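Down below is the structure, laid out as structure tokens.
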Amino acid sequence: MNFLLDLYPWTKVVHVLSVIAWMAGLFYLPRLFVYHAEQVAIGGETDRLFQTMEYKLLRLIMNPAMLTTWIFGLALVATPGIVDWGSLWPYTKIFGVLGMTWFHHWLGLRRKEFAAGQNRFDGRRYRIMNEVPTLLLIVIVASVIVKF
């Protein structure tokens, strides 16, 4: 695993870029759902447009970004000397990342409901849920930078 030490700066670069792309999607998709739920009639042309945007955002940007975030994050964890498992911060970061992954999949289920014309939530619910990634991001960033 010592080869990971040589790759560490580049592993970190790809991890951070992946996180940024993933977070952009996690912030934007629920906002699309707000407008889709509040202003779009089921089955119309605008409904199909929103479904296309939501599908492409999830499948072409968010899913690959989540996957590369996990792959390069695990590579960082495997890099010798990077994680102090005697501290609290790795565990709070893991909690945050698992929460973010759960939220990603929750959004995927909501997208499938929109595609089937069976959305169950109103715009207010999506607005509230749009705060979830912000709260998790605070936990993750504070964990990594403060290292409590």
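A short reminder: the numbers here are calculations on the coordinates, not readings from a lab. This is a predicted model, so every value here is computed, not measured. Don't worry about glycine lacking a Cβ; one is built from the backbone with ideal geometry, like all the others, and counts go over all protein chains shown.
Of the listed peptides 28-34, 139-145, 118-124, what is their order by residue-averaged count of other C-beta atoms within 10 Å, with the highest listed first?
Top of the packing list down: 28-34, 139-145, 118-124.
Looking at the chain as a GNM with Cα springs under 10 Å, which of Trp89, Trp106, Trp22 has the largest mean-square fluctuation?
Between Trp89, Trp106, Trp22, it is Trp106 that shows the largest mean-square fluctuation.
Fewest to most neighbouring Cβ within 10 Å: what's the order for Trp70, Trp102, Trp85?
Trp85, Trp102, Trp70
Got the relative contact order for segment 37-121 handy, in percent, Cα pairs under 8 Å and 6 or more residues apart?
43 percent
Restricting things to alpha carbons, tell me how big segment 37-102 is in terms of Rg and Dmax, in Å.
18.4, 56
P(r) of the chain in 10 Å steps, Cα pairs, percent per bin?
With a bin width of 10 Å, the distribution comes to 11, 37, 28, 16, 7, 1.
Counting only C-alpha contacts under 8 Å and six or more residues apart, can you give the relative contact order of segment 3-146 as a whole percent?
39 percent
Between Leu5 and Phe148, what FRET efficiency comes out of the Förster formula 1/(1 + (r/R0)^6) with R0 = 35 Å and r the beta carbon distance, rounded to 0.05?
0.90
Grab the DSSP H runs of the chain that are 4 residues or longer, score each as -39,500 (n - 2.57), total them, divide by all residues and round the 222 nm result to the nearest 500 deg cm²/dmol.
That comes out to -26500 deg cm²/dmol.
Within 10 Å, count the other beta carbons around each residue, average over each peptide in 58-64, 78-84, and list them highest first.
Put in order of decreasing packing, that is 58-64, 78-84.
Using a cut-off of 15 Å between alpha-carbon atoms, which aspartates and glutamates can reach Lys147, once sequence neighbours fewer than 8 places away in the same chain are excluded?
In chain and number order, the partners are Asp84.
If R₀ is 25 angstrom, what is the calculated FRET efficiency for the pair Val83 and Phe27, using the beta carbon separation as r and rounding to 0.05?
0.35
Could I have the simple spin-label model distance between Lys12 and Leu76, label points 7 Å from Cα toward Cβ, reported in nm to one decimal?
0.9 nm
Taking R0 as 30 Å, what's the FRET efficiency between Leu135 and Arg48 from their Cβ-Cβ distance, rounded to 0.05?
Plugging the Cβ-Cβ distance into 1/(1 + (r/R0)^6) gives 0.35.
List every DSSP H helix in the chain whose Cα atoms extend 30 Å or more along the helix's own long axis and whose mean Kyte-Doolittle hydropathy is at least 1.0.
Both cut-offs are met by no helix.
Among 127-136, 43-52, how do they line up by average Cβ neighbours within 10 Å per residue, starting with the highest?
Result, highest mean Cβ count within 10 Å first: 127-136, 43-52.
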